[in-house]
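Remarks on the structure that follows.
None of the figures in this text is laboratory data; all of them are computed from the coordinates on show. Just so you know, these numbers come straight off a predicted model, no measurement behind them. Ideal geometry is used to build each Cβ from the backbone, glycine not excepted, and the neighbour counts take in all protein chains shown.
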Amino acid sequence: MRRNSVGNDVKAKALGCISVWPSAAFVVKYCGAGMGPTFDDARNLLDRFAIFPLAEGSKSPQKGDRWRRYETERLSLADVRRLWGFEQKTRYNIGLLMGASRAVAVDVDDIAEARKLYKLLPKTEIITRTPRGAHLIYKAPEIEVSPAVKILVKGIVCDIRAGASYVVGPGSEVDGKKYQAIGKWTWDKVPVFDPGWLESKQAAKRKVEPIRDDTLMRIFRATKWSEKVEPAVEHQGWHDRFFWYMCQLRDKFGLTLEQAFPLVLAFNSKCKPPMCMRGISHKVSDVWSKTNGEKCHG
């Protein structure tokens, strides 16, 4: 069976392992491993993207390769022939630079979720089926889009590859699994990415319950009081004053060790000289190990 190259429509009858989405065919299982990207794969991508070589069988750049240089040093056809030509024994994978290609990729790690998102977003003709999910690729908008990890797009968790980032291109192979091109791979009808598709990260977080006691007010009062307290000074009752200060936080303001510790560190920074961390640890343990109401100084 002839290998499918970038730029061709993916046909169900040709591969025998295709599930059709609205307006596009989408690979949902693999038809076996190949031999890495071919010269045709790289040449066809070169017409559409800023590309660069990744390490063989990997999603990472080659060791020691400053891959960001490819954003301005675009590969030529001669470079592609040298890297992916028929005589080349090393099968470099292909990276697609998003910023230099004026593109944004929506990276979904689950194929079922990718199918849902495809139906919710404007239809793109540039899709890569990845080992676990899919890359939906769009034209970059005029405003800058920043890369993002685990962000919601139409309620689905995705990564956004944009600007100074890249995705693995079709034809590449990682752990024996192929990255496959889906759709026509032409820019003509590819929609522009809309930052409005991104939902606030707060939407993915659980609701925070309000604090229903006076803890914050006690910490606030202790903080304001601490700002006015004179520091401990060497040869002027240094140890007794430091001990007294911590006792006030415990008894006067009712703070726990966890609540008081930042204030203790701030007070220590004013003291002359400051106490070492071992000394602070010993003193706070001594003060807060005593039961409530027990005299902790003297």
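What net charge is computed for the residues neighbouring PRO61, neighbours being all others with C-beta under 13 Å from the C-beta of PRO61, Lys and Arg scored +1, Asp and Glu -1?
Surrounding charge for PRO61 is +2.
What is the order of SER285, SER60, fewest Cβ neighbours within 10 Å to most? Please list the in-between numbers first.
Values: SER285 10, SER60 13.
Listing SER285, SER60 from fewest to most nearby Cβ atoms yields SER285, SER60.
With N set to the number of residues, divide the alpha-carbon radius of gyration of segment 215-288 by 2.2 N^0.38 Å and report two decimals.
Against the compact-globule rule of thumb, the ratio is 1.01.
Mind checking the full-extension length gain between SER60 and LEU265? Use 0.36 nm per residue of separation minus the Cα-Cα distance, one decimal, nm.
Contour length minus Cα-Cα distance gives 69.5 nm.
Kindly put GLU73, GLU87 in sequence by how many other C-beta atoms sit within 10 Å of each C-beta, fewest to most.
Values: GLU73 13, GLU87 7.
Placing the least packed residue first, the sequence is GLU87, GLU73.
Hey, which of these cross-link pairs are over 23 Å Cα-Cα: LYS139/LYS177; LYS89/LYS139; LYS63/LYS139; LYS59/LYS178; LYS59/LYS116? It would help to have the intermediate numbers written out before the result.
Numbers: LYS139/LYS177 27 Å; LYS89/LYS139 34 Å; LYS63/LYS139 30 Å; LYS59/LYS178 12 Å; LYS59/LYS116 25 Å.
Violating the 23 Å Cα-Cα cut-off are LYS139/LYS177; LYS89/LYS139; LYS63/LYS139; LYS59/LYS116.
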